[in-house]
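Novice: Got a structure here, written out as structure tokens. Questions coming.
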Amino acid sequence: MNDCSAGFDVCIAALARSDPFMAFANVPTGICSFWAESLGWPEWLAEGTAFAGARKLPSRIRLVDDLRIVGNLIEKVGEDRLVEMIFDWDRFPGDVAVLSAPDLEAALVYLLSNVERANPPIKLHFKKSGRDARLSWAIDPRIKPFGRIYEQVVMAVLFRVVRSFVGLKDDKRDALREVTLGPACSPEIFARLVPCRVVQAPGDPYMMLTGDALAIANPGFNPAMWDEILTRNARGPGEREGRPIPAVEAVEAALAIALRDHGRVLQFAEIARSLDRSERTLARDLAKAGVTYRKLIDRVRMTMAQDLLLGGGLTVTEAASRLGYSDDSSFVRSFRRHFGISPARWCQGERLASSKGDMAA
């Protein structure tokens, strides 16, 4: 393992211990999927995650898995090339919604609110001052090894949005005044790609725009479509399809860490205490989500069981011990109840399917 990879692993493990809410929150995979498509879905893309070998990622995955994929991309492709690729894309994640806005200001406000809500490590700020506007962004220092690529990706996507609107009017091509990158980033790549002044300075990176640019209208604006997008975006996290509420994510994260590090299931009181909640409050939160603590234990165990048996190559006995079962038979019964098949038969089927896929490729 090289120093870069080791640094990524240390960062991911530390984040999982210090803030499971963030580490195991579901984040969008749009950027990683675009990189993967551009690279032809390389086999190494998702190594170290449950999606190893996949040729498609779910729309949302845990932050720790997303960081591992980003780390693999940095190691194999390099940060500068990854950023350059964003400028080469015909489209970018979420462009349909963003480019449906009535003007550039509305597009940026929509994008900033969505990026920050969907990506916990990113904080963005939009401020208008006189005839100028400033877009700034900060990356959570706890993901320091990934901070540089995060900064540059945010900058690249914001620039793509700005140019999508500025390009609609030839006389507004000087709307982007200046891009200031943080001290960890090199300005050379953006100086080649962005037609404006690019500087490097201490503090958080930012982009300066003219007030006139913000008012650039979208000639293809569809009011009905935009209203539908805003309505859909206004739904709370608990109402989003396939996205569990934070209490559920936190409990699953705490269970996974205890099983991974200690091979034991935490008592409900221990879980509540680790999350700084009373047992009554946590039980109420889980009830609102429609799940029980026992159901979450089973779900986490079975998810980890798949990884241990197939990806980790463990025997049934070894997996049962790692997952805190008192004996093999208890593990086998739980597995069969969850998947409708024994662990041994499941592994045989998965390996057979994998071998057929390799032969077809």
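What follows draws every value from the coordinates through simple rules; no lab data is involved. Nothing here was measured: the structure is a model prediction, and the numbers come from that model. Here Cβ is always computed from backbone atoms with ideal geometry, including for glycine, and neighbour counts include all displayed protein chains.
Novice: Along the charge dipole of segment 20-141, which of ASN114, PHE34, VAL98 sits closest to the positive end, that is, farthest toward it, with unit charges on the beta carbon of Lys, Arg, Asp and Glu (+1, +1, -1, -1)?
Specialist: ASN114
Novice: If R0 is 51 Å, what FRET efficiency do you get for ARG284 and LYS144 from their C-beta distance, rounded to 0.05?
Specialist: The pair ARG284/LYS144 has a calculated efficiency of 0.90.
Novice: Residue separation times 0.36 nm, minus the C-alpha to C-alpha distance between ARG163 and ALA14: what's the value?
Specialist: Difference between extended and current length: 49.8 nm.
Novice: Amide H to amide H, which residues 5 or more places from GLN200 or on other chains are under 5 Å from it, using H placed in the peptide plane?
Specialist: So GLN200 has HN proximity to LEU181.
Novice: With r as the distance between the Cβ atoms of ASP80 and PHE34 and R0 = 25 Å, compute the FRET efficiency 1/(1 + (r/R0)^6) and round to 0.05.
Specialist: It comes to 0.90.
Novice: Work out, step by step, the length gained on full extension between GLN267 and ALA191: first 0.36 nm times the residue separation, then minus their alpha carbon distance; give nm to one decimal.
Specialist: That pair, GLN267 and ALA191, stretches by 21.8 nm at full extension.
Novice: So if I place +1 on the C-beta of Lys and Arg and -1 on the C-beta of Asp and Glu, and nothing else carries charge, what would the dipole magnitude of segment 91-241 be about its Cα centre? I want it in debye, nearest 20.
Specialist: 340 debye
Novice: Can you compute 3J(HN,Hα) from phi for each residue in segment 189-197, using the Karplus curve 6.51 cos²θ - 1.76 cosθ + 1.60 with θ = phi - 60°, rounded to whole Hz and x for Gly and Pro?
Specialist: Result, rounded to whole Hz: 5, 6, 4, 7, 9, 10, x, 7, 6.
Novice: Taking the Cα centre of the chain as origin, work out the dipole magnitude from +1 charges on Lys and Arg Cβ and -1 charges on Asp and Glu Cβ, in debye rounded to 20.
Specialist: The calculated dipole for the chain is roughly 1000 debye.
Novice: Quick check for the chain: number of Lys pairs with alpha-carbon distance under 21 Å, counting only pairs 8 or more apart or on different chains?
Specialist: Summing the qualifying lysine pairs gives 6.
Novice: Quick one: what are the phi-derived ³J(HN,Hα) couplings along segment 135-140, Karplus 6.51/-1.76/1.60 with θ = phi - 60°, whole Hz, x for glycine and proline?
Specialist: Using θ = phi - 60°, the values come out as 10, 10, 8, 10, 10, 3 Hz.
Novice: Further, regarding this structure: Quick one: Karplus J couplings for segment 221-231, per residue in order, coefficients 6.51, -1.76, 1.60, θ = phi - 60°, nearest Hz, x for Gly and Pro?
Specialist: For segment 221-231, the Karplus-derived couplings read 4, 10, x, 5, 5, 5, 4, 5, 5, 5, 5 Hz, x marking Gly and Pro.
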